[in-house]
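For reference, the structure discussed in these notes is given below.
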There are 2 protein chains.
Amino acid sequence: MDRVTSPDGAPGADPRIPAPPHDRSGGAAMPTVTMIGGGQLARMTHQASIALGQCLRVLAATADDPAAQVSADVVLGSHDDIDDLRAAARGSVALTFDHEGVPLHHLQTLEAEGVSVLPPSTALQFAQDKRAMRLRLSELGLPVPDYADLSGDLGLARGRLTEFGDRHDWSIVLKAIRGGYDGRGVWIVDDRDAAMAVFDEQFDTGVDLIAEQKVTMRRELSAMIGRSPFGQGAAWPVVETIQRKGQCAVVLAPAPGLDPELAAQAQQMALRLADELGVVGVMAMELFETVDGELLVNELAMRPHNSGHWTMDGAVTSQFEQHLRAVLDYPLGDTAPRSAVTVMANILGADEAPQMSMDERLHHLMARIPEAKVHLYGKGERPDRKIGHVNIVGAGGDDLASVRERAERAAHWMSTAVWTDGWEGH
Amino acid sequence: MDRVTSPDGAPGADPRIPAPPHDRSGGAAMPTVTMIGGGQLARMTHQASIALGQCLRVLAATADDPAAQVSADVVLGSHDDIDDLRAAARGSVALTFDHEGVPLHHLQTLEAEGVSVLPPSTALQFAQDKRAMRLRLSELGLPVPDYADLSGDLGLARGRLTEFGDRHDWSIVLKAIRGGYDGRGVWIVDDRDAAMAVFDEQFDTGVDLIAEQKVTMRRELSAMIGRSPFGQGAAWPVVETIQRKGQCAVVLAPAPGLDPELAAQAQQMALRLADELGVVGVMAMELFETVDGELLVNELAMRPHNSGHWTMDGAVTSQFEQHLRAVLDYPLGDTAPRSAVTVMANILGADEAPQMSMDERLHHLMARIPEAKVHLYGKGERPDRKIGHVNIVGAGGDDLASVRERAERAAHWMSTAVWTDGWEGH
């Protein structure tokens, strides 16, 4: 990878675009990385960048975005605007992402202008397009659930849906090819009529879908890895993810009782795929473990991911530091866990925001669970919105049930200001 | 503690002073803490503040100060200027410190205006004034090295120095009462003539001194604690500090082979002193362990301290998070170590800055020692200047010698771009 080190010589530099607010080329002279999107992933990447002697530059929509609240180097603008993207990239050595929403053609334009886009558009397209991803995975011989492409001509697509649904006894899921996340863009349907209704409605609004078999699974797993441009790969232990309302709620690290061979297979699949696609940065491969003990690839994310938040306190190197190391072509950090068990629980906005302030809730949490590691995102509370997370790293003698109970109890308290038994499954 | 929660109702608000650049009263509405001084301690406190849903406000001399490079909430000004201090305090719930250099009368003025200064001036004065500190410690029955006050009338002070020097066979140290740190303001003298020369020179420039016996010591220790306004105290394990050129170079956590009774005594001394003085925040009590196995108090710092940097990776709660918890009157976090041994080594500016850039040095370090946790401060390289530190947290089976060797090797590399055996003492 060629690094752009001189702000003046930055590719695509446009004299009409003002220089970023902080030119850090003097003094310590560490490289600047730009992240597109000002969400919590950028916020936590900024935290990691501080230790590496950097300040993360963030392209944020508003000054109140989670990352814009805390970074000294914020470019306000839109990820849909090529000039804003250029302004954010100027003088930085790599452009990377807090989300998958940047139009691919803009990234291709930036690449043509010499910007180091990481992961590159040739890789990122597979994280943006579920149909392309499934096609590519199939070509590579990686196991995916059976699926059908429902894009294109209305009549032909309805025919493919009917054929696919019949074949799977209408135990199917419909997914938007682009733009879905955290349960959005996913429809679990129980019969033909429901499936056809979703299909027709989405067709009318121009949303392309795929149909996918509903997998009879034991649980969901996530294999997170990092990959540098040099081709170095590093995998964290495979974790179990527990979904609620279609989004990640709890992560158990490592996945309890996972067959070591299956764990190694998941890591190797993720590392191999990252190599084949040329991914740079961290990547989450979300997997189904079927009741038969098989793995199927569900989704890909080529950025820090909710299933990797446990690494902030539970691993030697966090996913955020690793992402920076990778996009800077630094050698990757140690992915060893610090403890036999770490549990992450998301703090989600409650259906009705509690009367008690977040500040006061945090105060009470600290009194009850002094070992809880809390990470708040500076976001307003809306139902089911991810506004923070709690990690509990097991200490000597702690079993999974105890760690999980505390993590879930802590997160539930922070969401609702109600103490409950955190988790009744043990 | 009364909290000031309304920016408009902030005490001492002066309509001539512009509001701070980021009013964060909306949205997530977590409290704002202001730290006076933009050095590395503020930089790392900002990192910790992000997890707590905050953004640390920093009063910095320049936009290039270590903390000003990374925080979104920077007030540029001087810690010597009461109006700058007022501007920085406005709308924040607590004013705290990256260094001891703020004039006491300014803090008293702010307190009179209702600003929550933490630690309060009544405590901080003892960290600013070595003579007052020794007097107070003696009153409390805490062990200090023998000392003599050399302030006041020239003739009388010379007489006290002569008497004190003779009594200790001129095995003494002279220290400036105010303003010394990292070896500055400390003179180790070997005989009467050298002592008199230092005394006369400092007297002429108006610097008040004390003389202190040179302690025949086994080693130096540091007991770090946190204390909240509510009076909760929490102590980390006592560490051994290794000084070079008069400043902290290496920290071994916990202090190897320290008698558990002596360790408990050191913690209790620190907790008791913090209580007696009304300290709020974290405090380092630097101690001598004499060859007879006695403890003597050397210095106090009422802020995050170099001897606590190991906690960033080696303890459940870092000193920076704990300092924020304390000044916000949150319950304190778990001070348990994550490992049987953690070693911190400072990265110091080399006598001649290496040709190889810091970026490139970091690259090589990561390749050699993937488990090293590096913390860089964004400071220019000058001889013996603290520009970063490395923590190595021991993993299962690592012994102290191995951990220390890697930490020192890593720090020496980052300083000089030369690989050596990190530490030849094993």
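The values are calculated or read from the model by the stated rules, or taken from the named source; none is laboratory data. From a predicted model like this one, the values you see are computed outputs, not experimental measurements. Cβ atoms come from the backbone with ideal geometry, glycine included; neighbour counts cover every protein chain shown.
Quick notes on this structure:
- Scoring B:Gln54 on the criteria (1) in contact (Cβ under 8 Å) with a residue 60 or more places away in the chain; (2) assigned to a loop (DSSP other than H, G, I, E, B); (3) more than 10 Å from chain A (Cβ to nearest Cβ) leaves a single failure, condition (3).
- Scanning region B:27-51 for residues that are β-branched (Val, Ile, Thr) and either touching a Pro at 6+ places or on another chain (Cβ under 6 Å) or facing chain A (nearest Cβ under 9 Å) (or both) gives a single hit, B:Ile50.
- Per-region count, region B:230-239, residues surrounded by fewer than 24 Cβ atoms within 10 Å (Cβ to Cβ) and touching a helix residue (DSSP H, G or I) at 6+ places or on another chain (Cβ under 9 Å): 6
- Test result for B:Ile369, more than 30 Å from B:Gly281 (Cβ to Cβ), assigned by TED's automatic domain parsing to the domain that holds B:Ala234 and among the β-branched types (Val, Ile, Thr): yes
- Residue among B:Ala410, B:Ala401, B:Ala417, B:Ala395 that alone is surrounded by 23 or more Cβ atoms within 10 Å (Cβ to Cβ) and not hydroxyl-bearing (Ser, Thr, Tyr): B:Ala410
- For region A:204-217, the criterion of being within 27 Å of A:Asp166 (Cα to Cα), free of Cβ contacts under 8 Å to residues at least 40 places away in the same chain, outside any strand (DSSP E or B) and among the hydroxyl-bearing types (Ser, Thr, Tyr) is satisfied by at least one residue.
- Residue that is surrounded by the fewest Cβ atoms within 10 Å (Cβ to Cβ), among those in region B:105-126 that are of a type outside the set (A, V, I, L, M) and within 19 Å of B:Glu286 (Cβ to Cβ): B:Gln125
- Residue among A:Asp153, A:Asp129, A:Asp146, A:Asp98 that alone is buried (at least 21 other Cβ atoms within 10 Å of the Cβ) and not hydrophobic (A, V, I, L, M, F, W, C): A:Asp98
- Yes/no for A:Lys379 being within 10 Å of chain B (Cβ to nearest Cβ), touching an Asp or Glu at 6+ places or on another chain (Cβ under 7 Å) and of a type outside the set (Asp, Glu): no
- Scan of region B:327-367 for residues that are in a helix (DSSP H, G or I) and within 11 Å of chain A (Cβ to nearest Cβ), ordered by number: B:Met358, B:Asp359, B:Glu360, B:Arg361, B:Leu362, B:His363, B:His364, B:Leu365, B:Met366, B:Ala367
- Annotation: B:Gly378 fulfils all but one of (1) at negative phi; (2) modelled with pLDDT of 95 or more; (3) part of a loop (DSSP other than H, G, I, E, B); the unmet one is (1).
- Qualifying residues in region A:66-88 (those that are under 20 Å from B:Ser49 (Cβ atoms) and in contact with a helix residue (DSSP H, G or I) (Cβ under 8 Å, 6 or more places away or on another chain)) - the one surrounded by the most Cβ atoms within 10 Å (Cβ to Cβ): A:Val70
- Qualifying residue in region A:292-302 (condition: buried (at least 23 other Cβ atoms within 10 Å of the Cβ) and of a type in the set (D, E, K, R)): no
- Filter result for B:Met312 (within 14 Å of the chain's Cα centre (by Cα), buried (at least 21 other Cβ atoms within 10 Å of the Cβ), touching a residue at least 24 places away in the same chain (Cβ under 8 Å) and in the same structural domain as B:Asp384 (by TED's automatic domain parsing)): no
Quick grid of which residues meet (1) in contact with a strand residue (DSSP E or B) (Cβ under 7 Å, 6 or more places away or on another chain); (2) of a type in the set (A, V, I, L, M); (3) closer than 30 Å to B:Arg409 by Cβ:
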position	(1), (2), (3)
B:Phe230	no, no, no
B:Arg244	no, no, yes
B:Val251	yes, yes, yes
B:Pro260	no, no, no
B:Leu273	yes, yes, no
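- Filter pass, A:Glu286 being in a strand (DSSP E or B) and of a type outside the set (Gly, Ala, Ser): yes
- Breaking point among (1) at pLDDT 95 or above; (2) out of contact with any His (no Cβ under 8 Å at 6 or more places or on another chain); (3) part of a strand (DSSP E or B), for A:Glu321: (3)
- Among the candidates A:Lys386, A:Lys373, the residue that is of a type in the set (Lys, Arg) and at the interface with chain B (Cβ under 8 Å from one of its Cβ atoms) is uniquely A:Lys373.
- Any hit, region A:299-317, residues being over 30 Å from A:Gly53 (Cβ atoms) and either at pLDDT 95 or above or more than 10 Å from chain B (Cβ to nearest Cβ) (or both): yes
- Candidates in region A:57-80 are the residues that are within 11 Å of chain B (Cβ to nearest Cβ) and in a strand (DSSP E or B); of these, the one that is farthest from B:Glu360 (Cα to Cα) is A:Ala60.
- Residues in region B:343-392 that are of a type in the set (Lys, Arg) and closer than 21 Å to A:Thr317 by Cβ were compared, and the one that is surrounded by the most Cβ atoms within 10 Å (Cβ to Cβ) is B:Lys373.
- Selection count where residues are of a type outside the set (A, V, I, L, M) and more than 17 Å from A:Val393 (Cα to Cα), scope region A:313-333: 9
- Any hit, region A:181-189, residues being in contact (Cβ under 8 Å) with a residue 24 or more places away in the chain and either assigned by TED's automatic domain parsing to the domain that holds A:Met285 or in contact with a Cys (Cβ under 9 Å, 6 or more places away or on another chain) (or both): yes
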